[in-house]
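See structure below.
Bear in mind these aren't lab numbers, they're just calculated from the coordinates by the rules spelled out. Just so it is clear, the model here is predicted, and its values are computed rather than measured. Here the Cβ positions follow ideal geometry from the backbone for every residue, glycine too, while neighbour counts run over all protein chains shown.
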Amino acid sequence: MKNANISKADVLKDLYSKQRFGIKPGLERTLLLSESVGDPHKNLRFIHVAGTNGKGSICSSIASILMESGYKTGLYTSPHLVDFNERIRVNNYLIADEELIDYYLKLKPISDELGATFFEITTVIAFMYFNEQNVDFAVIETGMGGKYDSTNIIKPILSIISKIDLDHKEYLGDTIELIAEQKAGIIKIGVPCIVSENSAEVIEVIKKYSDLTQIIKSNDVVGCELINNSIDNPIYKTDFLGKSSFNFEFAIPGKFQYQNLQTVLCAIDLLKSEFNISNDSIQSGLKNIVKNTGLSARIQIINTKPIIILDASHNSNSILNLAGTLEYFYPDKKWCMIFAIMKDKDNCDAIDLINNFAYKLILPKIKNDRALSPTEITSKVNPRLLSYTYITDCTQQAVEMTNGESNILYFGSFFLIGEVIEILNK
């Protein structure tokens, strides 16, 4: 790839080709990549978030609050839904195509020499961009795991571990304890670590690190409860163990969002001891999270008549959250569901959700080779639903088939939701 007349499409084609190398454990390549461009990760104030579920919501919530507090804030998340540049943003401005091209070309000679992976290169590009933008904070979501995740070359001021569930078992281990060990790999000596409400098995693993630093269970510090039953305007009450309490709106619905919110508020309470963050900034940050960070597809209501919901729930815990939310807010409704999931994901809870809540099921063939085939999905569906189950050649056809339906739910893979958003935006 030469410098002249390089387009973003050229860069992405080359970058996506690195995915064939798969996932390579270890931080050596990421460290060498960063060193080749002056170690930008050594100049930044990081907040580092690992876990299975809730990482994106926690990262975006913290970033939104910091922005409302007047801090220039970088946000690195994955995957993207429509545009690759969504992964890397500063105060909700996406990295520009020209900057993406420039950073990629600077890294390309050594990344090719090292055989660096897609995520390793993308991570260092984010650090380069945040450093050049001179951000006050960079909020970083791990890609997978923690200990060997490319983002783990950083020394943060705060580490956070969200809800841990069985996911990516082929890489992280087939028990909750083994997965927790990988996630706990982001814990650094002397860097406080906040842990979301989790199973006793997860907490036991993380407590082993308490001789290295302060381990804080968020539900020991902050109480948070939903105080109204409006899905499109959920209001919560928080209580900092009697120190203070206030109500706030949160733009992301979900019966179990209080667990993520406890973690966010616990993190902010810790940061407040050193940085200027007011309760007003917390309230406006949580209310304006979508506007400030672009967070989407977390039980996102994009229309009310008919009801249309997008949710990128793709593992057991997130699907159970979706099921609980539907049951809580819409106890009498059945849904026209559009669903896709990857082959490597446990789909039992998704099938249960379909069987319990769907009156019609549409299974598009999405543009990803890793997707479980619609035919395999139909083999698991309740026979009563098969007469109302349809396979389409593409997501466009699936969207068109929802015309006239009253309650529409798109859920499952990020790849499906990305295709749906692109279609609906047109």
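Table for the structure above
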| read-out | value |
| --- | --- |
| Choice from A96, A398, A297 with maximal GNM fluctuation in the chain (Cα, 10 Å cutoff) | A96 |
| Segment S278-F246, length gained on full extension (0.36 nm per residue, minus Cα span) | 10.3 nm |
| Extension gain from E28 to E113, taking 0.36 nm per residue of separation minus the Cα-Cα distance | 29.3 nm |
| Highest-first arrangement of 308-315, 54-61, where packing means the average Cβ count within 10 Å | 54-61, 308-315 |
| Difference of contour (0.36 nm per residue) and Cα-Cα distance, D232 to K106 | 40.9 nm |
| Ellipticity estimate at 222 nm from DSSP helix runs (n ≥ 4, -39,500 (n - 2.57)) divided over the chain, nearest 500 | -11500 deg cm²/dmol |
| Entries of K287/K367; K8/K365; K13/K345; K42/K367; K72/K305 with Cα pairs more than 29 Å apart | K287/K367; K42/K367; K72/K305 |
| Phi-based couplings in Hz for segment 65-82 (Karplus 6.51, -1.76, 1.60; Gly and Pro marked x) | 5, 4, 4, 5, 7, x, 8, 6, 10, x, 9, 10, 9, 7, x, 8, 9, 10 |
| Dipole in debye (nearest 20) - the chain, about Cα centre, beta carbon charges: Lys, Arg +1; Asp, Glu -1 | 220 debye |
| Spin-label model distance (nm) - C394 vs S373, 7 Å beyond Cα toward Cβ | 2.1 nm |
| Cut-off 12 Å between beta-carbons: net charge of the residues surrounding T123, Lys and Arg +1, Asp and Glu -1 | -1 |
| Debye-sum result for segment 8-293 in log10 I(q)/I(0), which assumes one identical scatterer on each alpha carbon, at q = 0.12, 0.16 Å⁻¹ | -0.74, -1.29 |
| Segment 113-128 versus segment 35-75: alpha-carbon centroid distance in Å | 17 Å |
| For Y390, residues with placed amide H under 5 Å, excluding near neighbours | L361, I362, L363 |
| Alpha-carbon Rg with Dmax, taken over segment 243-333, Å | 15.1, 48 |
| Segment 300-425: radius of gyration over Cα atoms, expressed as a fraction of 2.2 N^0.38 Å | 0.94 |
| Ellipsoid semi-axes in whole angstrom, largest first, where each is sqrt(5λ) of the Cα gyration tensor of segment 90-241 | 31, 22, 16 |
| Distance between segment 195-251 and segment 368-426 - C-alpha centres, whole angstrom | 35 Å |
| Net charge of neighbours whose Cβ lies under 14 Å from the Cβ of G74, counting Lys and Arg as +1 and Asp and Glu as -1 | -1 |
| Kirkwood hydrodynamic radius over Cα pairs of segment 20-113, then Stokes diffusion coefficient at 20 °C and 1.002 mPa s, in µm²/s | 140 µm²/s |
| Zone of K333's modelled label, taken as backbone nitrogen in segment 381-413 under 19 Å from a point 7 Å along Cα→Cβ | 399-412 |
| Those aspartates and glutamates that a straight Cα-Cα span of less than 17 Å connects to K147, excepting residues fewer than 8 apart in one chain | E28, E120, D165, D167, E170, D174, E177, E181 |
| Likely footprinting exposure, K237, K367, fewest C-beta neighbours within 10 Å first | K367, K237 |
| Largest to smallest principal axis extent of the C-alpha atoms in segment 200-357, angstrom | 48, 37, 26 |
| Sequence-distant aspartates and glutamates (8 or more away, or on other chains) whose Cα lies within less than 13 Å of K334 | E405 |
| GNM flexibility winner over the chain from V195, V124, V399 (Cα, springs under 10 Å) | V399 |
| Relative contact order computed over the chain (Cα-Cα under 8 Å; 6+ residues apart), in percent | 15 percent |
| Theoretical FRET efficiency, 1/(1+(r/R0)^6), r = Cβ-Cβ of N355 and K155, R0 51 Å, to 0.05 | 0.60 |
| Sorted by Cβ neighbour density within 10 Å, fewest at the top, the residues R29, R45 | R45, R29 |
